[in-house]
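A quick write-up on the structure given underneath.
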Amino acid sequence: ENADTPVPVISDLQVQLQPPQAGLAGGQPWAMVTWQTDRPATTQVEFRAPGRGVRRTILDPAMDTEHSARVEFLRPDSEYTFAAVSVDENYARARVEAE
């Protein structure tokens, strides 16, 4: 099954940036990242701001085809890049950067 594709196929990758909540002390923007895979796989997001190292959300090891991850504590004045990472039961790893 799916032997012809070596890694999960990631599709419909979307990033929804959420502004800080008004009136919340220390409120910071956050993002909801969602995507789908063509087979069950894990859920994790890599993200980075210019000049800073790559950070990751906590790995969700559940094998799913519908994925969502919340990225917290973003800096308000930074342009982030986000990438969806999914690993299937055969440890095949797919990574796609959001446009």
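The values are calculated or read from the model by the stated rules, or taken from the named source; none is laboratory data. None of the values given here were measured: they were computed from a predicted structure. In this analysis, Cβ positions are derived from the backbone assuming ideal geometry, glycine residues included, and neighbour counts consider all displayed protein chains. Keep in mind that these areas ignore ligands, DNA and RNA; they rest on the heavy atoms of the full protein, side chains included. Shrake-Rupley method; radii C 1.70, N 1.55, O 1.52, S 1.80 Å.
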* **Amide H contacts under 5 Å for Val9, placed H, 5+ residues apart** => Asp38, Arg39
* May I have the extent of the alpha carbons of the chain along their three principal axes, as whole Å values ordered from largest to smallest? => 51, 26, 20
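Return the loop-located trypsin sites (Lys or Arg not before Pro) in the range 23-99 (DSSP other than H, G, I, E, B) with at most 15 other Cβ atoms within 10 Å of their own Cβ; answer none if there are none.
On the way: sites: Arg48, Arg52, Arg55, Arg56, Arg70, Arg93, Arg95; in loops: Arg52.
Qualifying residues, ordered by number: Arg52.
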* To do: Set the Förster distance to 22 Å, then compute FRET efficiency between Val9 and Ala98 from the Cβ-Cβ distance, nearest 0.05.
  => 0.90
* On the full set of protein chains, 1.4 Å probe, figure out the accessible area of Val33 and give it in Å² to the nearest 10. => 0
* Can you pull the semi-axes for the range 4-58, root of five times each eigenvalue of the Cα gyration tensor, sorted largest first, whole Å? -> 29, 14, 9
* **Difference of contour (0.36 nm per residue) and Cα-Cα distance, Phe73 to Met32** => 13.6 nm
